[in-house]
Amino acid sequence: MGKLPKSVRIVEVGPRDGLQNEARTVPTKKKAEFIRLLAAAGLKDIEVASFVHPEWVPQLADAEDLIKQIEFNPNIRYSALVPNMRGLERAIQSGIRRIAVFTAASDTFNRKNINMGIQESIDVFKPVVARAIKEGTSVRGYVSTCFVCPYEGLVAKENVADVTQALFDLGVDEVSIGDTIGAATPRDVETTVGFLLQQFPADKLAMHFHDTYGMAIANAYQSLQMGITTFDSSAGGLGGCPYAPGASGNVATEDLVYLLENLGIETGVSLKLLRRASHMIAQELARDLPSRVLKVS
Ligand code: HMG
Ligand code: MG
């Protein structure tokens, strides 16, 4: 076993990545309740909404109303996705203090997802990130399709590093490395993350695994052994990207917490309270969620 960290930071993306891909749109009040339960479970970073075009992701079209209903806890960072200046204006007006800009390591995916090529998106983000920081709003960056693109196939690690560098150059404080369609295996993680770690400090990178092939927890374990200490996950394993065919949910927060707890790594998250949040949202969606740990009562 490689050297493991003492603690790990979990970025809960269930209310955003999770709910954006559900067939059933969750009422705003229930989303706020879900977020309250996630906060009560000890999650300190929660991605709650998306200021994207409401017609592109109708499930999250209520971002403004939702944010009004959140009982903000000063110890928690609530964040939202922003694809352009219009999104930033909406975000600032809503009072959210952390945003995430998102692009990809593959051009075709990026065009399908945000209607821009990679370079075009970086150009669009430049004034967005600068203005956000000026207004006291911190910024995370996402790179999607870091391993496999649903349209272009395997993605070169050099492309991932270039886009990651471009985001850091804009001023984002961390970059989340996404396996958008959940196709990577630990060997791929070793190759790509190993390459990234030659250029970027481990504490500036987060890993964002989807679980299509059931590899997400193995990939998280691989990353952990390589020194990564920030992981994105979704309560219950909710999630997926509507513009990535075949993409299923994120690694389940419960499964990640179970692994970390049993490795003696602190997360600050209570599994018992997290289950309450996942059961509540599962009931609202009227479906069983994929988390394995959640199924064990
Ligand atoms: P576009 O059609 O190219 O936008 O969409 P546009 O700039 O040409 O503007 C067209 C109209 O949209 C204009 O209105 C704008 O004002 C309006 P009009 O003048 O015609 O009346 N508009 C907006 N309205 C509200 N909010 C906005 C906004 N922007 C423009 N922010 C756009 C470009 C980026 C907006 C669109 O493609 C979009 O919203 N895409 C979002 C797709 C998305 O949310 N995907 C899922 C999230 S990414 C993900 O899940 C991956 C991740 O989890 C990591 C991983 O797993 O890899 C993060
Ligand atoms: Mg995702």
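Below is a table of values for the structure above.
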quantity	calculated
Count of residues meeting criterion [surrounded by 15 or more Cβ atoms within 10 Å (Cβ to Cβ) and over 20 Å from Arg140 (Cβ atoms)] in region 110-119	3
In region 95-109, the residues that are open to solvent by 30 Å² or more (accessible area, probe 1.4 Å), out of contact with any Gly (no Cβ under 8 Å at 6 or more places or on another chain) and within 17 Å of Leu66 (Cβ to Cβ)	Gly95
Check on Ser79, within 30 Å of Lys157 (Cα to Cα), in contact (Cβ under 8 Å) with a residue 60 or more places away in the chain and more than 10 Å from ligand 1 (Cβ to nearest atom)	yes
Subset of region 158-184 (residues that are hydroxyl-bearing (Ser, Thr, Tyr) and more than 13 Å from the chain's Cα centre (by Cα))	Thr164
Residue in region 264-284 that is surrounded by the fewest Cβ atoms within 10 Å (Cβ to Cβ), counting only those that are part of a loop (DSSP other than H, G, I, E, B) and of a type in the set (A, V, I, L, M, F, W, C)	Ile265
Hits in region 250-290 (condition: closer than 30 Å to Gly153 by Cα and modelled with pLDDT under 95)	Leu289, Pro290
Selected residue (only one of Ala49, Ala63, Ala23 is within 20 Å of Phe231 (Cα to Cα) and either touching a residue at least 24 places away in the same chain (Cβ under 8 Å) or more than 18 Å from the chain's Cα centre (by Cα) (or both))	Ala49
Cβ pairs under 6 Å, 6+ apart, first in region 230-246 and away from ligand 2 (no atom under 12 Å from the Cβ), second among the β-branched types (Val, Ile, Thr)	Phe231/Ile10; Ala235/Thr253; Gly246/Ile181
Residue selected from region 59-76 under the condition over 26 Å from Leu167 (Cα atoms) and away from ligand 1 (no atom under 15 Å from the Cβ), by the criterion surrounded by the fewest Cβ atoms within 10 Å (Cβ to Cβ)	Pro74
Cβ pairs under 6 Å, 6+ apart, first in region 28-44 and among the polar types (S, T, N, Q), second at pLDDT 95 or above	Thr28/Asp62; Thr28/Asp65; Thr28/Leu66
Matching residues in region 193-212 - criterion: being outside any loop (DSSP other than H, G, I, E, B), surrounded by fewer than 22 Cβ atoms within 10 Å (Cβ to Cβ) and either of a type in the set (Asp, Glu) or touching a helix residue (DSSP H, G or I) at 6+ places or on another chain (Cβ under 8 Å) (or both)	Phe195, Asp203, Lys204
Lone qualifier among Tyr151, Tyr142 - being open to solvent by 10 Å² or more (accessible area, probe 1.4 Å) and closer than 16 Å to Phe51 by Cβ	Tyr142
For Ala244: the one exception among (1) open to solvent by less than 10 Å² (accessible area, probe 1.4 Å); (2) of a type outside the set (Val, Ile, Thr); (3) on the phi > 0 side of the Ramachandran plot; (4) modelled with pLDDT under 95	(3)
Residue check for Phe51: surrounded by 22 or more Cβ atoms within 10 Å (Cβ to Cβ) and within 14 Å of ligand 1 (Cβ to nearest atom)	yes
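The values are calculated or read from the model by the stated rules, or taken from the named source; none is laboratory data. Values in this document were obtained by computation on a predicted structure and should not be read as measured data. Note: ideal-geometry Cβ built from the backbone for every residue, glycine included; neighbour counts use all protein chains shown. Ligands, DNA and RNA are excluded from the accessible area calculation, which covers all protein heavy atoms including side chains. Shrake-Rupley method; radii C 1.70, N 1.55, O 1.52, S 1.80 Å.
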